[in-house]
Every structure is written in structure tokens, then in C-alpha cells.
Amino acid sequence: MMKKATTFLLTALATIFSFSSLAQTTIKGCISNERGEGVEYATVVLEGDTIGTLADAQGRFSLTIPKGKNNDLVITHVSYDKASIPFSSYSVGKPLSIIVKDKNVKLDEVVIGKKNKMKTILGKKLPGPTASFRGKGQQNWLEWGPTFKAKKNWVVSDIFFTIKKSTYSRCVLSFTIYEIRGKEYVNILNKPIYRTVTTTTQKTKLAVQPNENVILKAGKQYYVSVTIVDSDESGMLEFNSQFRSCIARRLSSGKTRKLPAGPIITLSGYELSQ
């Protein structure tokens, strides 16, 4: 019964966030930084709309624009400034070559007490049934994970996520941490967190380390999520779930759905000195 409930839940999520349209124009392009390097997994969406896609690992993308849409095309990536392409530029049908600029980010100074030991920031709650991601590529643009309030000022050292089973020959997981400000979800990372999973990743607890100092502030509400941004072929990724406040979020539109259960993602780190 629990397995059926989980399957129904994931199916319902895909239905909730689905949309349909009549294809009119397909645009293709490549997103690069100022050094000529392809920008992996950048988000490409119509401004103020749910229509969008993700670039691949080389920055290439293809997007079908329905009839009657003339919104600007918006490109976002956590490490780069947002770029906008007007309708007049992309509607001519020629391949787009888009260059995004590096963000100039001032990193916060981190001071950890000499006697501080690594502690659990976000732990486990009551175990739930097995859940899964299924399909190919970007998993219908859904990310999923728990919400929590930081009780102290922390710097995150590790993100833990357990894979029960993977049938993908290769897929790429993306982990994100947001600060929740009312209805706004603000990505607090400056660099992406990716982890490659293969069919050999069975019953494995992944320990993923951020490539920067990720600071959580006492009293603030946060959301940590996981999704699949790339895969070589269709497959299934099974993981353990838990009963706690979780959110499923549509990456293209930011639309969210609160859920009573979700994947077990735990965080550890160090308390910051005052």
C-alpha cells in the first residue's frame, strides 16, 4: 500500500506541474561564458512563463515556443549574471550564441571555533516509503526536498543523500540550498553542486561537499533540494523518503507544492563563532 501511495504521489506531481501547447517555433543555441566555455545546465525560460528547458553539459539547448508567445528569453545560472534575449532576436530562427558574465561575488568570512566539532544541521525524521525519479534527462523540471529552520549560525560541510537503486548508466544529480523569504526562493549557492550516479551506485550514501562556504543564519527558513539535470538514457533512481515538511518545485516557473513527505537529505557542518 505504501509503495502504491508513493507512486501515486510522484505521478500526481507530474500532473500538477504539467502544461500543453501547440508548437510554433523551435529555437536552438549555445550558452558560453566570457572565456568561451560552455555553461552547463543553465536555465532557459520565457520570462514570466512556465515554458523553458535546461542547457546540456556543453551549454547547448533547444526550446519550442508556442504560438502567440513573444516574451523575452531569460538565461540564468547560479554562477553567472542573468541574460535576456528579446523576441526580435530569437524569433528570426537562427541559432543563438549567448554569452553570460561571471558574477562578482563577495564571499563571507567564516570563523569556526577551535573546539567546534562537526554537527548535524538537518537530520532524519520518521522513515517513509521508497520514492523515485523516473524518465530521461531533466525529470520534468521538478526538484524535491525538505524545508527547515536553522537554529544556529552554521557553515555547511556535507550534504548526504542515500541511493537505494539506480538503473541509469549515468545521470547527474544537482543539489541546491535556498533561503525562503516569504514566497521567494533565493538560491544561496554561488557554485553548482553536482554528483554523477551510475548503475554501480547501489545502496550508497553520497556525501557531497559544497565548493564554497555556504552559511545558514539562525532563525532563517531554508529549503534543500535534489533533482536530475542530465542522463544518458531513461532509467529509475530509487531513494529513501521521510515524513516531514517537503516541497516539490518547478524549476522553470518557481511554482511550488507542499508535501508531507520527501527524500531524506541531511546536512552537517560547523557552528560559526559569534
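Specify the residue that is most open to solvent (accessible area, probe 1.4 Å); the eligible residues are those in the stretch 172-214 that are among the basic types (Lys, Arg) and at negative phi.
Going residue by residue through the stretch 172-214, those that are among the basic types (Lys, Arg) are 181, 183, 191, 195, 203, 205.
Among the residues that remain, those that are also at negative phi are: 181, 183, 191, 195, 205.
On the way: Arg181: 125, Lys183: 200, Lys191: 101, Arg195: 84, Lys205: 127 Å².
In this case the residue turns out to be Lys183.
How many residues are open to solvent by 60 Å² or more (accessible area, probe 1.4 Å) and either at pLDDT 95 or above or not hydrophobic (A, V, I, L, M, F, W, C) (or both) if we restrict to the stretch 73-106? Outline the logic, then answer.
From the stretch 73-106, those open to solvent by 60 Å² or more (accessible area, probe 1.4 Å) are 81-82, 84, 87-88, 92, 94-95, 97, 99, 101, 103-106; that's our starting set.
From what's left, either at pLDDT 95 or above or not hydrophobic (A, V, I, L, M, F, W, C) (or both): 81-82, 84, 88, 94-95, 97, 99, 101, 103-104, 106.
Number of matching residues: 12.
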note = The residue that is modelled with the highest pLDDT, considering only those in the stretch 111-157 that are under 29 Å from Glu40 (Cα atoms) and open to solvent by 40 Å² or more (accessible area, probe 1.4 Å), is Arg134
remark   = Only one of (1) surrounded by fewer than 15 Cβ atoms within 10 Å (Cβ to Cβ); (2) assigned to a strand (DSSP E or B) does not apply to Leu63, and that is (1)
key: Whichever residue in the stretch 31-55 is open to solvent by 40 Å² or more (accessible area, probe 1.4 Å) and of a type outside the set (Val, Ile, Thr) and, among such residues, is modelled with the lowest pLDDT   = Gly48
query = Name the pairs whose Cβ atoms lie under 7 Å apart, with the first residue in the stretch 73-94 and farther than 17 Å from Gly52 by Cα, the second among the hydrophobic types (A, V, I, L, M, F, W, C) and assigned to a strand (DSSP E or B), and 6 or more positions between them or separate chains?
reply = Tyr80/Val100; Asp81/Val100
message = For the list (1) outside any strand (DSSP E or B); (2) open to solvent by less than 30 Å² (accessible area, probe 1.4 Å); (3) among the hydroxyl-bearing types (Ser, Thr, Tyr), I need the number of the one condition that Ser169 fails.
response = (2)
inquiry  = Can you pull out every residue in the stretch 185-212 that is assigned to a strand (DSSP E or B) and either under 22 Å from Lys106 (Cα atoms) or of a type in the set (Ser, Thr, Tyr) (or both)?
reply    = Tyr185, Val186, Asn187, Ile193, Tyr194, Thr196, Thr204
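Are any residues in the stretch 230-258 in contact (Cβ under 8 Å) with a residue 60 or more places away in the chain, closer than 30 Å to Glu47 by Cα and surrounded by fewer than 18 Cβ atoms within 10 Å (Cβ to Cβ), and if so, which ones?
Let us first name the residues in the stretch 230-258 that are in contact (Cβ under 8 Å) with a residue 60 or more places away in the chain, namely 230-257.
Okay, now just the ones that are also closer than 30 Å to Glu47 by Cα, so 230-234, 245-257.
Listed by number, the residues that qualify are Asp232, Glu233, Ser234, Ser245, Ser253, Gly254, Lys255, Thr256, Arg257.
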request  = Determine which single condition Ala5 fails, assuming it passes every other condition in (1) outside any loop (DSSP other than H, G, I, E, B); (2) exposed (fewer than 15 other Cβ atoms within 10 Å of the Cβ); (3) modelled with pLDDT of 90 or more; (4) small (Gly, Ala, Ser).
outcome  = (3)
message = Looking at (1) under 28 Å from Val39 (Cβ atoms); (2) hydroxyl-bearing (Ser, Thr, Tyr); (3) modelled with pLDDT of 95 or more; (4) surrounded by fewer than 19 Cβ atoms within 10 Å (Cβ to Cβ), which one does Ser268 not meet, given that it meets all the others?
response = (1)
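The values are calculated or read from the model by the stated rules, or taken from the named source; none is laboratory data. Here the structure is a predicted model, which means the values were calculated and not measured. Neighbour counts are summed over all protein chains in view; Cβ atoms, including those assigned to glycine, are modelled from backbone coordinates with ideal geometry. For the accessible areas, the whole protein counts, side chains as well, though only heavy atoms, and no ligand, DNA or RNA atoms are used. Shrake-Rupley method; radii C 1.70, N 1.55, O 1.52, S 1.80 Å.
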